[in-house]
Amino acid sequence: MLRRTALTRLAVPTAAVMTIGLAIPALHAAAAPSPAEECVQAGNVWIHVEYDETVTGACATEFASAQEALHTTGLTEDDGWVTTIDGRLSVDKEWWSVYFLSPNEDGTYPAAWEFAQVGVAELELFPGEVLAMKLQADYEVDAVAPAVNPVDGVVLGEPEPSVSPSPSPSVSPSPSASPSPVVTAEPSVSSTPTAEVTVSVSATAAPARPGLPKTGN
């Protein structure tokens, strides 16, 4: 009588459940550059305008003179003596004063405005400068410099601030994969032609790709 041993199977362990932690840091965005900063960083001239309670400005890409810069931005059509800026006409004793800021050698700007000693037709401008037109209330009183510096803290040549990308979320390592079930192949059995049935186990190696053992007849 032929005997066969039963298949031996390994128990498959249950995988441990792990919590995946997502570390999502806060996004810190730097302030966007102002129009004045973008203008001077591009090598143009920013025109700063102050009157009444209004503070405005425009970027001039053509600026051989202050007058050309004012004309090309559409802030005025006046030649020589300027009476109207941004649609605001000076009346009675009012007058439009002219100031400018020139960058230092290190790219920074001085804190104090410089009063122009010539009119807009004669005032030469250079890339990165700031021209200011401020309405004064009385020509019999000393002029008052503009109250706002549109390029305060700007350094020419410095890269514009940008939004820092958020780091990728960190993920905890996933649990190791469970081992595949291992099937132990049944040893082959041969019968001897004697009165008694004996079982001999051959020491053959397991097949390269284990599967179900072959059955005997």
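The values are calculated or read from the model by the stated rules, or taken from the named source; none is laboratory data. Remember, it's a predicted structure, so these values are computed and weren't measured experimentally. Cβ placement follows ideal geometry from the backbone for every residue including glycine, while neighbour counts extend to all protein chains displayed.
List of remarks:
- Within the range 94-109, not a single residue is buried (at least 18 other Cβ atoms within 10 Å of the Cβ), among the small types (Gly, Ala, Ser) and touching a Gly at 6+ places or on another chain (Cβ under 9 Å).
- Given (1) surrounded by 15 or more Cβ atoms within 10 Å (Cβ to Cβ); (2) at pLDDT 95 or above, index of the condition residue 33 fails: (2)
- Given (1) within 20 Å of residue 36 (Cβ to Cβ); (2) surrounded by 14 or more Cβ atoms within 10 Å (Cβ to Cβ); (3) free of Cβ contacts under 8 Å to residues at least 40 places away in the same chain, index of the condition residue 78 fails: (1)
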